[in-house]
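The values are calculated or read from the model by the stated rules, or taken from the named source; none is laboratory data. These numbers were taken from a predicted model, which means no experiment stands behind them. A quick note on method: Cβ atoms are made from the backbone with ideal geometry, for glycine too, and the neighbour counts reach across all protein chains shown. Each accessible area value is taken on the protein alone, full model and side chains, heavy atoms only, with ligands, DNA and RNA left out. Shrake-Rupley method; radii C 1.70, N 1.55, O 1.52, S 1.80 Å.
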Amino acid sequence: MPTSESPPPRKRRRWLRALLITFVVTVIAVPAAVVGAGMWLRSGARGHVFPLASVPAAPVVMVLGAQVYPDGTPSPFLAARLDLARQLYDAGTVQAVLVSGDHREFRYDEPGAMSRWLVERGVPERKVVQDHAGFDTYDSCVRAKKIFGVDRMIVVTQGFHVDRAVALCRDAGIDAVGVGDETVKRFERAWDRGAFREQLAGVKAAWDVATGRDPVFLGPRETGVQDALAN
């Protein structure tokens with residue numbers, strides 16, 4: 001016999017039904033969203049991802065930001081992306097480098113660290129343009145188009161991320177192709193974590209495109225890329 005503090009059986013049954021429905025919807029909807037977003041991103045990038053040696057020339061290469069250590073050193077994943085950009089510049093495949101990353105806090109400056117890394121390795125400072133509001137891939141792509149006026153470019157990142165980067169940049173109106181780094185696969189745990197997170201990031205990317213949201217910070221038009229190309 002239920003105590004006076006126990007909910008009535010009918011109320012308990014309604015609560016249990018609601019819990020089961022929520023569980024079933026979650027179990028079905030989340031995997032479906034992951035699969036659907038992944039298919040959309042792969043379709044958007046299909047035919048536009050190349051090996052380093054055969055990627056078509058473009059005026060600009062964009063390097064997407066990643067972790068920078070407290071001493072200002074790029075993490076191995078970010079350094080690998082930067083090295084792809086350096087090789088593309090040295091080969092004459094691109095004429096300018098756009099580094100886009102997080103500078104939300106004064107002491108954490110991804111674009112600044114990226115720029116220093118490139119300049120220290122021979123890329124002229126006047127050829128490196130910093131985007132300090134590339135808080136995620138979607139923001140970087142939209143800002144490359146709307147703020148920096150980029151119409152055609154190569155985007156470089158890790159292999160598990162390149163489809164999303166290319167698809168989002170193309171959706172933003174840029175004739176974008178991509179090169180994916182595989183060298184940091186030697187960091188197996190970090191690579192596997194990144195590949196897993198990428199599946200969830202794909203759902204967010206699809207949502208961003210579907211809603212057409214503005215970047216976190218849009219700001220005024222900048223001429224940095226045009227200046228770098230002119231010089």
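Results, tabulated for the structure shown:
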{"quantity": "DSSP beta bridges in region 80-231 [antiparallel fraction, %, rounded to 5]", "calculated": "15 percent"}
{"quantity": "Accessible heavy-atom area order of Lys145, Lys204, highest first, probe of 1.4 Å", "calculated": "Lys204, Lys145"}
{"quantity": "Partners for Lys204 among aspartates and glutamates (Cα-Cα distance below 17 Å; same-chain residues under 8 apart left out)", "calculated": "Asp136, Asp139, Asp163, Asp171, Asp214"}
{"quantity": "Gain upon complete extension [Gln67, Ser43; 0.36 nm per residue less C-alpha separation]", "calculated": "5.8 nm"}
{"quantity": "With all protein chains modelled, accessible area of Phe50 [1.4 Å, Å²]", "calculated": "60 Å²"}
{"quantity": "Amide H within-cut-off set for Asp175, under 5 Å, with H built and near neighbours excluded", "calculated": "Arg152, Met153"}
{"quantity": "Theoretical FRET efficiency, 1/(1+(r/R0)^6), r = Cβ-Cβ of Arg221 and Lys185, R0 35 Å, to 0.05", "calculated": "0.35"}
{"quantity": "Environment charge of Ala201, counting only residues whose C-beta is closer than 9 Å and scoring Lys/Arg +1, Asp/Glu -1", "calculated": "+1"}
{"quantity": "Whether region 65-149 is rounded, prolate or oblate, judged on the alpha carbon gyration tensor where a/c under 1.5 counts as rounded", "calculated": "oblate"}
{"quantity": "Additional length obtainable on full extension of the chain from Asn231 to Ala210, 0.36 nm per residue less Cα span", "calculated": "3.8 nm"}
{"quantity": "Debye, to nearest 20: dipole size of region 159-212, +1 on Lys, Arg Cβ, -1 on Asp, Glu Cβ", "calculated": "220 debye"}
{"quantity": "Solvent-accessible area of Arg170 with every protein chain in place, 1.4 Å probe, in Å² to the nearest 10", "calculated": "80 Å²"}
{"quantity": "FRET efficiency, 1/(1 + (r/R0)^6) with R0 30 Å, evaluated for Ser75 and Phe106 via beta carbons", "calculated": "0.90"}
